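Chemist: Can you read through this structure? Questions will come right after.
The values are calculated or read from the model by the stated rules, or taken from the named source; none is laboratory data. None of these values were measured; they are calculated from a predicted model. All Cβ positions, glycine included, derive from the backbone under ideal geometry; neighbour counts span all protein chains shown.
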Amino acid sequence: MKVAVIGAGNLGMALIRNAMKNVEIIAVRRRREEFQELEGVEFVYDIQEAGEANVFLVALKPHVFRSHLETVGDVAKSKPVISFVAGVRLEEMLKHIENPFRGMTNLGIEKRGVIACYPPETAEHLRFLESDFIYCETEDELDAMTSYLGSSPALIAKLFHAFVISALHQGISYDNALKAGISAFQSAAYLYSKYGLEDTIRKIATPGGTTAEGLREIAGIEKGFIDALIAASRRVDEL
C-alpha cells in the first residue's frame, strides 16, 4: 500500500513518521532542499508525482490547499483524500475532490496519539496509522477539534513549562522536575478520566494542606486556559 502525504511540513512529517512503519510513503514537499533520507519514504516535488498512491493525506495551510483543490482531485480521482487542514470544509472540497474526508490531530501523532474524524468512516482509511480515534458527530465538532486537539498541546506545553520552572525555583533539579512533570500530567489525566474533578480533589486534598493552598491560587490560571482554548477555536471560522 502507498500513501501520499501532501505537505511534508511539521504535521505532515509527524504523520509520515507514524505511517512509515506500516506503508510506503510518497511525500510531496515544495522545497527540494528539505527532502530527507527516510527508509520507505519517497520525496517528490509535485502533487502530480503522487498519482500511484492508494490514499492521500493533506497537511497544507488552508490557503495553499484551496489553491490546489482541483489538482488534488485530478490526481486522487476516486481514491480517498483525508484533509488535516483547518477550516476547509467538505462542501468546499467536494467541488473538486470526489471522495473527501476530514481528520484532525497534532504533532504527537508521530509516536501514536489520537485522530479526530468526520465523517466517522474516515477512520477506515487511516487504519495503517498507529492511532486511537475520536469519531465526531458533526463537522462543527471536527472544526472545534482544531483547537482542542490540534492547538492545545502548545498551550499545555506552556503550563508544563511553568510546572518545571516552579520546581527549579524550589530547588528541584531539571531532570527530576521534568520526570515529576510528566508523571503529574499523566496522573492528572488518568485520575480525571476515572474519578472526575471533585473526587480527584477530594482524594488528594486534606484540610489546611499543601493541595488546598495550591487550589486557592489556581482559579485565575484555569479561566485563562479556558479563554485561550475558546479563542483558538474561534479562529477556525476566519481561516
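Chemist: Looking only at segment 160-192, which residues are closer than 23 Å to Lys203 by Cα and not small (Gly, Ala, Ser)?
Modeler: The answer is Phe160, Phe163, Lys179, Ile182, Phe185, Gln186, Tyr190, Leu191, Tyr192.
Chemist: Just checking, does segment 67-74 include any residue being in the same structural domain as Leu126 (by TED's automatic domain parsing), hydrophobic (A, V, I, L, M, F, W, C) and surrounded by fewer than 16 Cβ atoms within 10 Å (Cβ to Cβ)?
Modeler: Within segment 67-74, none of the residues are in the same structural domain as Leu126 (by TED's automatic domain parsing), hydrophobic (A, V, I, L, M, F, W, C) and surrounded by fewer than 16 Cβ atoms within 10 Å (Cβ to Cβ).
Chemist: Looking at Ile201, Ile230, Ile218 in this structure, which one is of a type in the set (Val, Ile, Thr), surrounded by 12 or more Cβ atoms within 10 Å (Cβ to Cβ) and farther than 22 Å from Glu141 by Cβ?
Modeler: Ile201
Chemist: Which members of segment 204-215 meet the condition of being among the polar types (S, T, N, Q) and surrounded by 11 or more Cβ atoms within 10 Å (Cβ to Cβ)?
Modeler: Scanning segment 204-215 gives a single hit, Thr211.
Chemist: Go through segment 76-180 and tell me which strands (runs of 3 or more DSSP E), entirely inside it, have 1 or more residues that are of a type outside the set (Phe, Trp, Tyr), crowded, with 21+ Cβ neighbours inside 10 Å and under 14 Å from the mean Cα position of the chain (by Cα).
Modeler: The qualifying strands (runs of 3 or more DSSP E) are 81-83, 100-104, 114-118.
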